[in-house]
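See below for the structure under consideration.
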Amino acid sequence: MENTFKLTRRDDGIAILSMDVPGETMNTLKAQFGPEISTLLTQIKADPLIRGLVLISGKADSFVAGADISMLDACNTAEDAKALSQQGHVVFNELASLNIPVIAAIHGACLGGGLELALACHQRVCSDDGKTVLGVPEVQLGLLPGGGGTQRLPRLVGITTALDMMLTGKQIRPKQALKMGLVNDVVPQSILLQTAIEMALAGKRAGHSVKKSLLNQLLEGTNLGRNLIFNQALKQVAQKTQGNYPAPAKIIDCVRQGFAKGIQKGLEVEASHFAQLVVSPESQALRSIFFATTDMKKESGAEGAVARKITKAVILGGGLMGGGIASVTTTKAKIPVRVKDINEKGLSNALAYAYKLLDKGVKRRHMTPAVRDNLMALMTTTTEYTGVKDADIVVEAVFEDLALKHQMVKDIERECSEHTIFASNTSSLPISQIAEAATRPQNVIGLHYFSPVEKMPLVEVIAHATTSPETIATTVAFARKQGKTPIVVKDGAGFYVNRILALYMNEAAQLLLEGQSIEHLDKALVKFGFPVGPITLLDEVGIDVGAKIAPILEKELGERFKAPAAFDKLLKDDRKGRKNAKGFYQYGQSSKQTKAVDQSVYAVLGIKPGSDKDPKALAERCVVQMLNEAVRCLDEGIIASARDGDIGAIFGIGFPPFLGGPFHYIDRLGASKVVNMLEGYQRQFGDRFAPCARLKAMAEANESFF
């Protein structure tokens, strides 16, 4: 078997240990590397001619991207996972205890186990390249750094900084890493190896001192101060996770125990907590999302189809959605964009929107003003159909009006080439109806973004019956270049995400009309795991938008989508939500700090809040509707797989990631339990809760989706 590590001895006494995992584009740490590394370290210890060691990657653009996540799924028990962590401790401790200087030369991704490897070295130097990032993102997979990271990182950069890194999983750029003391030097990639060799020759093993604020020195230097930090961190974690994610609290405990009882005890606690997390349902769900998104990146969206290259895009409409789509196309995909709107105001809005987003990057020092200006230069505007002939794709983001969209299709077919793709950002209108106006319906497709475009990771790619495979593959590739996760869905009212969301929102509205208070209802669903409650979401999306979509869904999909009689009353009182600062909540200066309910909305709806019900019961009643409809969508072929359904719900509407998505959650509960819940609600509230045929069949056969 080909070796991963190669040891090269230089005449000056410095040895170079290069890591290059055979057959892979990026280095990841695997359990089977342990014996190979230990053998090499034994050789290094035994060789008196070696006076320094430099660790470097043999890959072009990555150091070590982390541990191989698949080896965690191979752990059958917590003991198996604990053994993995302990093996990492042994190897990294061997490295750290070498009596010669050990320098990590870092270029590219240095994440998770990769950073823990670098932390076990005596010094670190990294390249100033944009591809170089450092971090411990394990918390995003429901885990903690299991290779000694919870002990070495706080001692290097300070407790507060280390907790911030470990609890958020944020990635650190080179200059920031130098400032916080994570690395000892930052140099151009061209002299990275030479700098590391010089550091090894100099023989210095201590890191450079990092200047801490007086408050941090006082807090981190005493038991009382450290306990204040840990207790405050636990409070913040409890508020943010609502108790749904166990990893953050365990990370804090590892650091706390390490400082209270010493590094050795801290490592024991780390291995134990790591093992418990690996086998936890939360981490298993989060890892399933990681594997699903990784697999999806390899798919074209249409089997056998090859995507055409996109060299220019046109966006129709300079509103909030149009501006957002134009922005991600230039900044993420680096594709020139022509924005077309009927007036200059719309065009100015689109340009201002893009500039504001880019300027944030300048203010945070993620880019220079010159880079910002070069990206802005990729966006041009027009009120006429000029400069659009050579567009490869046109994304339409105008009002939800079928006649208007028909006109857009005709205009583009007249003004652009016969190969130009027409992608509609409709949120509810069937794509087949939009394609009725086309002479080249094979080029028409749906491309449904979620607001705000720059933040929401999902897009739905909607193919109607005659959309060509090439159009699908090209649109999927375009969305990926924009930094999005696309799922291909079948045409139909509401597509997938809005369809499952609508029933969830309708049920929340029913509960509101039954007398549940707005705050209690929202808190119940946030406690369940959604990022915001349903009433807050309606305010954010727009009450008027919900009012437009509801009748379309009811007409196309039936009585169960009939919205509660609330929209008309709210719109009659000119309540649209955040967009006109009048909805369920108060907006404006007075409500900036703490969002407060606009109590007058109860009178508008003709209700008086009564006694609040059990939050779990409220959440269950809303969520079970979403689960039922998700299975219907799979049964009807709206989504291609349960995997796509999970990703769509998590990335599109914030379904709790720790549950793995609607289909993983059904598997966790058991189909029979979900059917029993639905039938109980059906007896109480009517046929809108009737369990779908596939769910009933699965319950009878005791089947699962995964």
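Expressed as an acute angle from 0 to 90° and rounded to the nearest 10, what is the orientation of the C-alpha long axis of helix 159-168 relative to the principal long axis of the chain?
40
If you take every DSSP beta bridge whose two residues both sit in segment 5-279, what share of them, in percent to the nearest 5, is antiparallel?
Working: 6 of 29 bridges.
Roughly 20 percent of the DSSP beta bridges within segment 5-279 come out antiparallel.
State the extension gain, in nm to one decimal, for the chain segment bounded by ILE69 and ASP635, taking 0.36 nm per residue of separation less the distance between their alpha-carbons.
Details: separation 566, 0.36 × 566 = 203.76 nm, distance 3.15 nm.
Working it through step by step, the gained length comes to 200.6 nm.
Would you tally the net charge around GLN194, using a Cβ to Cβ cut-off of less than 13 Å, leaving GLN194 out, and scoring K and R as +1, D and E as -1? Spell out each step's value before the answer.
On the way: positive: ARG10; negative: ASP12, ASP185, GLU198.
Net of charged neighbours comes to -2.
Starting from 0.36 nm per residue, how many nanometres of slack lie between GLN43 and GLN232 once their C-alpha separation is accounted for?
Full extension from GLN43 to GLN232 adds 63.4 nm.
Just order 694-705, 119-130 by mean Cβ neighbour count inside 10 Å, highest at the front, would you? If you can, show how the numbers build up before the last one.
Values: 694-705: 15.3, 119-130: 22.2.
Top of the packing list down: 119-130, 694-705.
Using each residue's phi in segment 692-697, evaluate 6.51 cos²θ - 1.76 cosθ + 1.60 at θ = phi - 60° and report the 3J(HN,Hα) Karplus result to the nearest Hz, with x for Gly and Pro.
Ordered by residue, 3J(HN,Hα) equals 6, 4, 5, 5, 5, 5 Hz.
Along the charge dipole of segment 77-228, pointing to its positive end and built from +1/-1 on Cβ of Lys, Arg, Asp and Glu, which listed residue (THR160, GLN171, GLY112) has its Cα farthest out?
Result: THR160, furthest along the dipole toward the positive end.
Collect residues whose amide H, placed 1.01 Å from N in the peptide plane, falls under 5 Å from the amide H of LEU29; neighbours closer than 5 in sequence don't count.
GLY66, ALA67, ASP68
Which percent, nearest 5, of DSSP beta bridges in segment 313-495 are antiparallel? Spell out each step's value before the answer.
Numbers: 4 of 29 bridges.
Once the DSSP bridges in segment 313-495 are tallied, antiparallel ones form about 15 percent.
Round to the nearest 10 and give me the degree value, 0 to 90, for the angle of helix 281-296's Cα axis relative to the longest principal axis of the chain.
Approximately 80 degrees, to the nearest ten.
Classify the chain as rounded, prolate or oblate, taking a ≥ b ≥ c as the square roots of the eigenvalues of its Cα gyration tensor: rounded when a/c is under 1.5, otherwise prolate if a/b is larger than b/c and oblate if not. Present the calculation step by step, with values, prior to reporting the outcome.
Details: a/c = 1.87, a/b = 1.49, b/c = 1.26.
Cα axes put the chain in the prolate bin.
Going by alpha carbons, how many degrees (0 to 90, nearest 10) lie between the helix axis of 543-557 and the longest principal axis of the chain?
Here the helix axis deviates by roughly 70 degrees.
Under the rule of -39500 (n - 2.57) per DSSP H run of 4 or more residues, summed and divided by the residues of the chain, what mean residue ellipticity at 222 nm is obtained, to the nearest 500 deg cm²/dmol? If you can, show how the numbers build up before the last one.
Numbers: 30 runs with 354 residues, N = 706.
Counting only the DSSP helices, I get -15500 deg cm²/dmol.
Given an 8 Å cut-off on Cα distances and at least 6 residues of separation, report the relative contact order of segment 5-279 as a percent.
That works out to 19 percent.
Provide the FRET efficiency to the nearest 0.05 for the SER190-GLN682 pair, computing r from the beta carbons and using R0 = 51 Å. Numbers along the way, then the final one.
Numbers: r = 69 Å, r/R0 = 1.35.
For R0 = 51 Å, the calculated efficiency reads 0.15.
Looking at the square roots a ≥ b ≥ c of the eigenvalues of the Cα gyration tensor of segment 313-495, which shape do they give, rounded for a/c under 1.5, prolate if a/b is larger than b/c, or oblate?
Numbers: a/c = 1.86, a/b = 1.50, b/c = 1.24.
Prolate, because a/c is 1.5 or more and a/b exceeds b/c.
Rounded if a/c is under 1.5, else prolate if a/b beats b/c, else oblate: with a ≥ b ≥ c from the C-alpha gyration tensor eigenvalues square-rooted, which is segment 491-549?
Details: a/c = 1.94, a/b = 1.60, b/c = 1.22.
Judged from the Cα gyration tensor, segment 491-549 comes out prolate (a/c at least 1.5, a/b above b/c).
Could you run the Karplus curve 6.51 cos²θ - 1.76 cosθ + 1.60 with θ = phi - 60° over segment 106-116 and give me ³J(HN,Hα) per residue in whole Hz, x for Gly and Pro?
Values, residue by residue: 10, 9, x, 5, 10, 10, x, x, x, 6, 5 Hz.
Please name whichever of GLY317, MET677, VAL186 sits farthest to the positive end of the charge dipole of the chain, dipole taken about the Cα centre and charges placed at Cβ: Lys and Arg +1, Asp and Glu -1.
VAL186
Got a sec to turn the phi values of segment 247-264 into Karplus ³J(HN,Hα) couplings, 6.51 cos²θ - 1.76 cosθ + 1.60 with θ = phi - 60°, whole Hz, x for Gly and Pro?
Coupling constants for segment 247-264: 4, x, 5, 6, 4, 4, 5, 4, 5, 4, 5, x, 7, 7, 10, x, 4, 4 Hz.
I'd like to compare 133-139, 528-534: which one has the highest average count of other Cβ atoms within 10 Å, and what's the full order after that? The partial results should precede the final answer.
Working: 133-139: 24.7, 528-534: 19.7.
Taking the mean over residues of other Cβ atoms within 10 Å, the ranking is 133-139, 528-534.
How much net charge surrounds SER600 when only other residues with a Cβ under 11 Å from its Cβ are counted (Lys, Arg +1; Asp, Glu -1)?
Values: positive: ARG575, LYS582; negative: ASP573, ASP598.
For residues surrounding SER600, the net value is 0.
Sorting SER428, SER62 on the 10 Å Cβ count, fewest up front, what's the list?
Numbers: SER428 20, SER62 23.
With the sparsest Cβ surroundings first, the list reads SER428, SER62.
Within the set of other residues whose C-beta is less than 14 Å from the C-beta of ALA307, count the net charge using Lys and Arg as +1 and Asp and Glu as -1.
Working: positive: LYS297, LYS298, ARG308, LYS309, ARG480, LYS481; negative: GLU299, GLU303, ASP392, GLU470.
Here the count lands on +2.
Past the 31 Å Cα-Cα mark, which pairs from LYS235/LYS608; LYS360/LYS579; LYS170/LYS527?
Values: LYS235/LYS608 34 Å; LYS360/LYS579 22 Å; LYS170/LYS527 24 Å.
Beyond 31 Å between Cα atoms: LYS235/LYS608.
Could you give me D for segment 5-279, from Stokes-Einstein at 4 °C and 1.567 mPa s, where the hydrodynamic radius is the Kirkwood radius over C-alpha pairs? Units µm² s⁻¹, please. Present the calculation step by step, with values, prior to reporting the outcome.
Working: Rh = 18.9 Å.
Answer, rounded: 69 µm²/s.
Computed from the coordinates by the stated procedures, all read-outs in this text should not be read as laboratory data. Just so it is clear, the structure is predicted and the values come from calculations on it, not from any experiment. Note: ideal-geometry Cβ built from the backbone for every residue, glycine included; neighbour counts use all protein chains shown.
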